[in-house]
Amino acid sequence: MWAIFILVLTTLSNGGFVSQNLLGIATDKLGHAFIFGVLVFFIMQALIKLWRFSFFLRKIQIIAFFIGVGYGCLIELIQLYIVTYRQAEWGDVMANIIGCFIGLIMFNSVYGNLKFLDKE
């Protein structure tokens, strides 16, 4: 559901939204980082429910990160080639990647190293 929310949010008209600066960072970039951080957090929660073996636990972070980054790049390609009233930006891609890292950090701060899930 969160991925669909991101797709809708990033492909609708921005409604005249004018980005402001907060501590020297554009607020739209902060928004990108936030929504992709949450996306990676949710992806990792879903993956630990599916894969409870140590082999997969070691890979969950990498898989979730690349799913998040890939989805962020896909969104920007959609904005570039399909949606005419939005434009793709490299800054958005970088904010999405930073958000994916933030999602990993958030997940690790909540769940730690996931060893408690190991069923092997």
Note on the stretch 9-53: residues in a helix (DSSP H, G or I), hydrophobic (A, V, I, L, M, F, W, C), closer than 21 Å to Gln79 by Cβ and modelled with pLDDT under 90 are Leu9, Leu30
Among residues of the stretch 68-86 being farther than 14 Å from Gly31 by Cβ, hydrophobic (A, V, I, L, M, F, W, C) and modelled with pLDDT of 90 or more, the residue surrounded by the fewest Cβ atoms within 10 Å (Cβ to Cβ) is Ile82
**OP:** Could you check, for the stretch 87-96, whether at least one of its residues is modelled with pLDDT of 90 or more, part of a helix (DSSP H, G or I), in contact with a Gly (Cβ under 7 Å, 6 or more places away or on another chain) and surrounded by fewer than 18 Cβ atoms within 10 Å (Cβ to Cβ)?
**Re:** yes
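The values are calculated or read from the model by the stated rules, or taken from the named source; none is laboratory data. Bear in mind that the values here come from a model prediction, so they are computed numbers and not experimental data. Every residue, glycine among them, receives a Cβ derived from its backbone with ideal geometry; neighbour counts consider all protein chains shown.
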